[in-house]
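The values are calculated or read from the model by the stated rules, or taken from the named source; none is laboratory data. Because the structure is predicted, anything quoted here is derived from the model rather than measured. Positions of Cβ are backbone-derived with ideal geometry, glycine not excepted, and every protein chain shown enters the neighbour counts. What goes into the accessible areas is simple: the full protein's heavy atoms, side chains included, and nothing from ligands, DNA or RNA. Shrake-Rupley method; radii C 1.70, N 1.55, O 1.52, S 1.80 Å.
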Amino acid sequence: MTHDHDLELRPTEAQTEAALNPPPGRNGGDLVVETLAGLGATTVFGLPGQHALGMFDALRRSSLRYVGLRVENNAGFAADAYGRITGEAAPLLLSTGPGALTSLAALQEAASASAPVLAISSQIPTAGLGGGRHGYLHELPDQSASFRGIVKSVHTVRSQSQIPSAVAEAWRSALTAPHGPVWVEIPQDVLLAKTSLPVVTAPDATPEELVPRVELTAVAADLLSRARRPAIIAGGGVVRSDASGKLRQLAEKLDAPVVTTFGGKGAFPWEHPLSLQSWLEDRYMTDLLEDADVLLVVGSGLGELSSNYHTFKPRGRVVQIEADLGKLESNHPALGIHADARLALQALLETVTERTDATAPERVRDVLGRIADRIAGQELTLEQDVLASVRRALPAGSPSFWDMTILAYWAWSAFDPRGANTMHSAQGAGGLGYGFPAALGAAAADPGRPVLAVSGDGGALYSIAELATARQYDLPVTWLIVDDGGYGILREYMTDAFGEPTATELTRPDYVALAESFGVPGVRTSPETLEADLAKALAAPGPSVVVLPAVLRMFAPTHLD
């Protein structure tokens, strides 16, 4: 008897011929790049190193486009942004030991933000694996142990025949909800050895769907349908699962106000009558959310930033939809639904009963008005004007990438992203240096539109070398550097806590002259000319740098009251 699936596995004549007569000159590295191309990858990021040369040699026999950065951590940030923008797993090619370890901070950010990064690293030769001290260059007793607590999965290859399956399984892991970084490591000798294995064509790595349990969505739908004051917190999971349209439909069906977390920026239209925007670091917003009798939390673990520094204490029933099992009910008791946000929202849309609440838009206007009045009383016109200038200069639909800097902290709460999946920052792990290299990754994904990066002068020095990358690949990234002479937010924190700052002041270069030394146009601007200078830079082809000397302040926190 012949079954359908037997027919599907039967190779064509062309496939048989290619398998029996693979092209000469291939090595283990070819199996890596062939597998990536077969999975659908088009662009890879990375930095070569001695043990990884087999992979990099194979790139010249491949259709894959290579974007090389100057520091492995920056290459990881670029891959992170590419994964966020495209929804595809972004390959990151690294070398053993120091090269691999330098990517750790970037992979932590990717894990925190659920960005699909497929990191593939070389390893010491196979004979050195197992923890012995053989004295190989770059040797670690257990390299994968450094990554196991950060990435979703670890895959160690010991022979060439394992490469296609290991890379495909890692790809599936990276793209199964919740998305995230994964780790593959391949010994140097395995990558360099000639191979007679057939060319890898179309490996199957379809991600598994994380479907909600129907009995849970039925209970959630009943709670929301009968709620008197429902509210919704939309997190990054809504953006990652491309579920912003379904979120809007559900909010409108329930007449439920929606606030987006800093990682969920753009998940809900900023100017919608039900939009509470992103003012999570405000007691007025915390009060409104605490007053909800049913609070739907979608794609957020309600961590420190999303809970106004853990001062949020819900009084009503919480329904939490979360793809990361470790975040489910980790901070508050809830009806926990372990599922992809898009699938769970669809299930709720099909089962909730429409409700009408004419007071909901009024409550939204009231709380946003009270927040605006509070900010207005703090003499922060400069900060608001600068942020407004950035928004006016940045074309709608163009993505922006923000480092850990005071202007970014303002943007978390006060910046209208004008679209889903357009505003990204390093607020997941909170490390410095994200903005510029991440913007380069986004520009590599879509070079047809300008990309904005925003850094402080302290964070800029983490990634200044990537001006060479921007110039080499002519990537359309405009880099706004707010120069306040040091680590501005730490200066502010220390002054508030101890009366004066320590170790926060920095000697820094002339950023305009430095940019021009790389062949990148630079301009020094002012708050009054920022909008025009930034708009001009964004409209010009290729990379550019805009430097704004300014000391900005944060609005007063409310979680300490």
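In what sequence, highest mean first, do 466-473, 361-368 appear when ranked by Cβ atoms within 10 angstrom? Please report the intermediate quantities before stating the final value.
On the way: 466-473: 21.6, 361-368: 15.9.
Result, highest mean first: 466-473, 361-368.
What is the distance, in nm, between label points placed 7 Å from the Cα along the Cα-to-Cβ direction at T502 and at A540?
4.3 nm
At q = 0.13, 0.24 Å⁻¹, what is the base-10 log of I(q)/I(0) for the stretch 450-513 according to the Debye formula with one equal point scatterer per Cα and no solvent? Please give it to two decimals.
Values, matching the q order: -0.44, -1.01.
What whole-number value in Å² describes the accessible area per residue of the stretch 101-252 for a 1.4 Å probe? It would help to have the intermediate numbers written out before the result.
Working: 6280 Å² over 152 residues.
So the stretch 101-252 comes to 41 Å² accessible per residue, rounded to a whole number.
For the stretch 212-293, state the average projected area of the convex hull of the C-alpha atoms over all orientations, rounded to one decimal in nm². Write down the numbers at each step before the final one.
On the way: hull surface 21.8 nm².
So the mean shadow area of the Cα hull is 5.4 nm².
Compute the projected area of the convex hull of the Cα atoms of the stretch 360-441, averaged over all viewing directions, and report it in nm² to one decimal place.
6.7 nm²
Highest mean first, what order results for 265-273, 385-393, 58-66, 295-303 on Cβ atoms within 10 Å?
Values: 265-273: 20.1, 385-393: 18.4, 58-66: 16.0, 295-303: 27.6.
Going from most to least packed, we get 295-303, 265-273, 385-393, 58-66.
Once you have the Cα-Cα distance between E215 and R148, take 0.36 nm times their residue separation minus that, and quote the gain in nm to one decimal.
Extra length from E215 to R148 when fully extended: 20.7 nm.
Using label points projected 7 Å from each Cα along Cα→Cβ, tell me how many nm separate Q472 and E379, to one decimal.
Each label point lies 7 Å from its Cα, and together they span 4.9 nm.
For the stretch 412-506, what is the Kirkwood hydrodynamic radius in Å, using each pair of distinct C-alpha atoms?
14.7 Å
How many percent of the alpha carbon pairs in the chain exceed a separation of 47 Å?
On the way: 24618 of 157080 pairs.
The answer is 16 percent, as a whole percent.
Could you work out the relative contact order of the stretch 379-443? I mean the mean sequence separation of Cα pairs under 8 Å and 6+ apart, divided by the number of residues, in percent.
Across the stretch 379-443, relative contact order equals 38 percent.
In cubic angstrom, how much convex hull volume per residue do the alpha carbon atoms of the stretch 22-88 span?
Working: hull volume 5.5 nm³, N = 67.
Dividing the Cα hull volume of the stretch 22-88 by its residue count gives 82 Å³.
Restricting attention to the stretch 182-243, which GluC sites (Glu not before Pro) occupy a DSSP loop and are surrounded by at most 15 other Cβ atoms within 10 Å? Can you show the working numbers first?
On the way: sites: E185, E208, E209, E215; in loops: E208, E209.
Answer by residue number: E208, E209.
How big is the stretch 155-194 on each of its three principal axes, counting only the C-alpha atoms and giving the largest first in Å?
36, 14, 12
Could you pull out every one of the lysines with an alpha carbon less than 17 Å from that of K246, ignoring same-chain neighbours closer than 8 positions?
Result set, ordered by chain and number: K265.
Whenever you get a sec, compute what percent of the accessible area on the chain sits on carbon and sulfur atoms (1.4 Å probe).
About 52 percent, which is the carbon plus sulfur part of the accessible surface.
Kindly state, to the nearest 0.05, the FRET efficiency for R392 paired with R10, given R0 = 51 Å and r defined as their beta-carbon distance.
Values: r = 60 Å, r/R0 = 1.17.
Result of the calculation: an efficiency of 0.30.
If D446, D510 are ordered by their accessible area, calculated over protein heavy atoms with a 1.4 Å probe, which sequence runs from highest to lowest?
So the residues, ranked largest to smallest area, are D510, D446.
Whole number in Å², please: accessible area per residue of the stretch 382-447, 1.4 Å probe, ligands, DNA and RNA not counted.
So the stretch 382-447 comes to 23 Å² accessible per residue, rounded to a whole number.
Provide the solvent-accessible area of D561, counting protein heavy atoms only and rolling a 1.4 Å probe, rounded to the nearest 10 Å².
Rounded to the nearest 10, the figure is 150 Å².
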